[in-house]
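S.K.: Quick one: the structure is below, questions incoming.
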Amino acid sequence: MLHVPVWSQESDPTYKTPEEGFALMRQQAADQEYALAKKTGYQLLEENPGYHDVTLYLARLYGWEASYDSAYAILDKVLAEDSTLLEAYLLGVDLAYWENDWEKLEGFGNQALEIDPDLTEVQEKLLLARQQDVRTVEKPEIIAAYSYDHFSVPYVRNWHMLTAGAILPTEIVTYMPYVNAGYHPGFEGLSGDIQFNLDAYFNLGEKNSVLAGYGFSPSGSIDFLPDHRAALEYWRVLPKGFGVSAGLRYFYWNEHFTFFTLSGEKYFGNYYISLRSYLFSKDYGISSSWYLHARRYLASKYDYISGTIGYGTSPDEPLLVVSDLDRLNALSFKLGYSRQLNPGLRFEVTLGYAYEEYDYQQYRNRYDFRTGFYFKIKKWDL
């Protein structure tokens, strides 16, 4: 039973039934008399300890006053008594949404959708939370990643690359500075390349965001990585769990290469599906590639399994090595796994395979692997 403050017992109730009391409580809140509404609520609960509608409304009152610890404490007691109460999880979604606590929103939202998968408003709020991804990490993170790419015809490629960087969130912009350092053993002379990058995510309100990025490789005659790369993309959250984006990717080696990209996405409870296309102008006209990506969320937005299937003549993103422009066609598959190992560390791994037409009616098998770790900096506030 909730503790009833002494002041809640100072006067007799001004209602005859619990329903009348609850109506009075809501009217007092509508008149912004929150203290009086809470007094009525506690009086009702003293008389009717199992009246969960009143208890949840009390938690909502504390949420409106931004007293989130008190609101969650009340909500936790309700869920301890009845873990199947949909209204409690819906209130948790609202509290987390008002507080901008995307991880709590994930938890309450997933529980609500387990009970009723057709809750459109919850799906939309989860979409907002999940689309934040690296754009709204609570604390800065350090990134350390390794990737490997291999094929054996018409020559042997064993491309190793290390990535080191950071995710630095601010109120409006999340900055991502990082360095790619690649190495190709077996080449005569210099066989490594380095690239410096800065990407930024701009949060333009609740439903709009923009990615802008630039990278520079100062290696001169060595051109594994592009001398210049740039990215620009706009995202828009739509109703009922949908989202769309449009943008471009630009690369420069000895000439300019521009890819236009479009995507559509949809959330179905704990599932996410996206379809992305890259359009690229070649000598014979416009070529395209298409990538269907699916993700199953587990405990949070950082815990999931994923799969991607792609087909087309344009290389998939990210484009890193100049020879990727030469292939004529490809059918590719990727499997991914992400896990929050502890509050300060998360882990990602991706395995990929592609069957590529690298020359006219000439085919090869291609394999790639990527793993990365994200270390949260708990004591650094930007």
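Every number here is computed from the coordinates shown, using simple stated rules; none is lab data. This structure is a prediction, so every number in the text was calculated from the model and none was measured. Cβ sites come from the backbone with ideal geometry, for glycine too, and all protein chains shown count toward neighbours.
S.K.: Apply the membrane-span-like helix rule to the chain: whole DSSP H runs, Cα extent along the own long axis of at least 15 Å, mean Kyte-Doolittle hydropathy at least 0.5. List the helices found. Don't jump to the answer; show the numbers that get you there.
M.R.: On the way: long enough: 18-30 (18 Å, -0.51); 34-47 (20 Å, -0.50); 52-64 (18 Å, 0.12); 68-81 (20 Å, 0.28); 86-99 (20 Å, 0.61); 102-115 (20 Å, -0.46); 120-132 (19 Å, -0.71).
Long hydrophobic helices here: 86-99.
S.K.: Only four residue types carry charge here, +1 at the Cβ of Lys and Arg and -1 at the Cβ of Asp and Glu. Report the dipole size of segment 141-376 about the Cα centre in Debye, rounded to the nearest 20. It would help to have the intermediate numbers written out before the result.
M.R.: Numbers: 20 positive and 23 negative charges, 207 e Å.
That gives segment 141-376 a dipole magnitude of about 1000 debye.
S.K.: On to the next question. Please say if the chain is rounded, prolate or oblate, where rounded means a/c under 1.5 for a ≥ b ≥ c the square roots of the C-alpha gyration tensor eigenvalues, and otherwise the choice is prolate for a/b larger than b/c and oblate otherwise? Numbers along the way, then the final one.
M.R.: Numbers: a/c = 3.01, a/b = 2.64, b/c = 1.14.
Since a/c reaches 1.5 and a/b is larger than b/c, the shape of the chain is classed as prolate.
S.K.: Taking a ≥ b ≥ c as the square roots of the eigenvalues of the Cα gyration tensor of segment 51-105, is the shape rounded (a/c under 1.5), prolate (a/b larger than b/c) or oblate? Before the final figure, lay out the partial values.
M.R.: Numbers: a/c = 1.93, a/b = 1.31, b/c = 1.47.
Cα axes put segment 51-105 in the oblate bin.
S.K.: Under the Karplus relation 6.51 cos²θ - 1.76 cosθ + 1.60, θ = phi - 60°, what is the ordered set of whole-Hz ³J(HN,Hα) values for segment 200-207, x standing for Gly and Pro?
M.R.: Taking θ as phi minus 60°, the curve returns 9, 9, 9, 8, 9, x, 6, 10 Hz for segment 200-207.
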